[in-house]
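J.: Before I ask anything, let me first share the structure, which is written out below as structure tokens.
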Amino acid sequence: MANAHPCITQELMDFITAQRMFFVATAPMAKEGHINLSPKGLDTFRFLSSNQVAYLDMTGSGNETAAHVLENGRITFMFCAFEGTPKILRLYGTAQAIQPGTEHWNLLSPLFESFPGARQIFLTNINHVQTSCGFGVPFFEFQGNRDLLPKWAMKKGDEGLIEYRQKKNSRSIDGLRTPIAP
């Protein structure tokens, strides 16, 4: 049974902080568009208040989240307990993609470790918080973070990342533009 919460309470913040992985979901407005659901790791999630969060997004193979957020703003974060007491927590909200070099970026980026390949921060106003049992979520043991993404980004270098983003991240798989496009 799902339970709604008026905001992200300290207890829920503690639960989120304990999770080693989370998921980000977005969708375009068009019903034939592709829903995007991405697993995320590293230390890239921050609380700004009980109703506002920030997520540091890394350069990847696509940029669906940015395209969908630019089009309609909708975003959902999901956290699952893979160890300990079972629980699933979802944060529903509206986001904006904050780009490097902007005033908002300069204010928010110091909250995060400086990861090579960081491409944007999703500043999200949370309008609904929901928990559910998580009884069907299996146990998994955390063995460590992968270091492949930061190493890949370092190897590409600044110019290589710009070229990669222009080639691979300027449009969603449904053809929606992203804020990365020049």
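J.: Would you mention how many residues in region 49-59 are of a type outside the set (V, I, T), in a strand (DSSP E or B), farther than 28 Å from Q166 by Cβ and touching a residue at least 60 places away in the same chain (Cβ under 8 Å)? Even if it seems obvious, please write down each step before you answer.
T.: In the first step, residues of region 49-59 are kept if they are of a type outside the set (V, I, T); the result is 49-52, 54-58.
From what is left, the residues that are in a strand (DSSP E or B) are 49, 52, 54-58.
Subsequent filtering for residues that are farther than 28 Å from Q166 by Cβ retains 49, 52.
Within this subset, residues satisfying the condition of being touching a residue at least 60 places away in the same chain (Cβ under 8 Å) are 52.
Residues flagged as of a type outside the set (V, I, T), in a strand (DSSP E or B), farther than 28 Å from Q166 by Cβ and touching a residue at least 60 places away in the same chain (Cβ under 8 Å) within region 49-59 amount to 1.
J.: A follow-up question, please. All but one of (1) touching a His at 6+ places or on another chain (Cβ under 8 Å); (2) among the aliphatic types (A, V, I, L, M); (3) modelled with pLDDT under 95 hold for L12; state the number of the condition that does not hold.
T.: Single failed check for L12: (3).
J.: In this structure, does F112 turn out to be surrounded by fewer than 13 Cβ atoms within 10 Å (Cβ to Cβ), under 24 Å from I8 (Cβ atoms) and of a type outside the set (G, A, S)?
T.: Against the criterion (surrounded by fewer than 13 Cβ atoms within 10 Å (Cβ to Cβ), under 24 Å from I8 (Cβ atoms) and of a type outside the set (G, A, S)), F112 does not qualify.
J.: Further, regarding this structure: Looking only at region 137-145, decide whether some residue is touching a strand residue (DSSP E or B) at 6+ places or on another chain (Cβ under 9 Å) and surrounded by fewer than 17 Cβ atoms within 10 Å (Cβ to Cβ). Steps first, please.
T.: Step one: list which residues in region 137-145 are touching a strand residue (DSSP E or B) at 6+ places or on another chain (Cβ under 9 Å), which gives 137.
Filter again for surrounded by fewer than 17 Cβ atoms within 10 Å (Cβ to Cβ), leaving 137.
Looking through region 137-145, at least one residue is touching a strand residue (DSSP E or B) at 6+ places or on another chain (Cβ under 9 Å) and surrounded by fewer than 17 Cβ atoms within 10 Å (Cβ to Cβ).
The values are calculated or read from the model by the stated rules, or taken from the named source; none is laboratory data. From a predicted model like this one, the values you see are computed outputs, not experimental measurements. We place every Cβ from the backbone using ideal geometry, glycine too, and count neighbours over all the protein chains shown.
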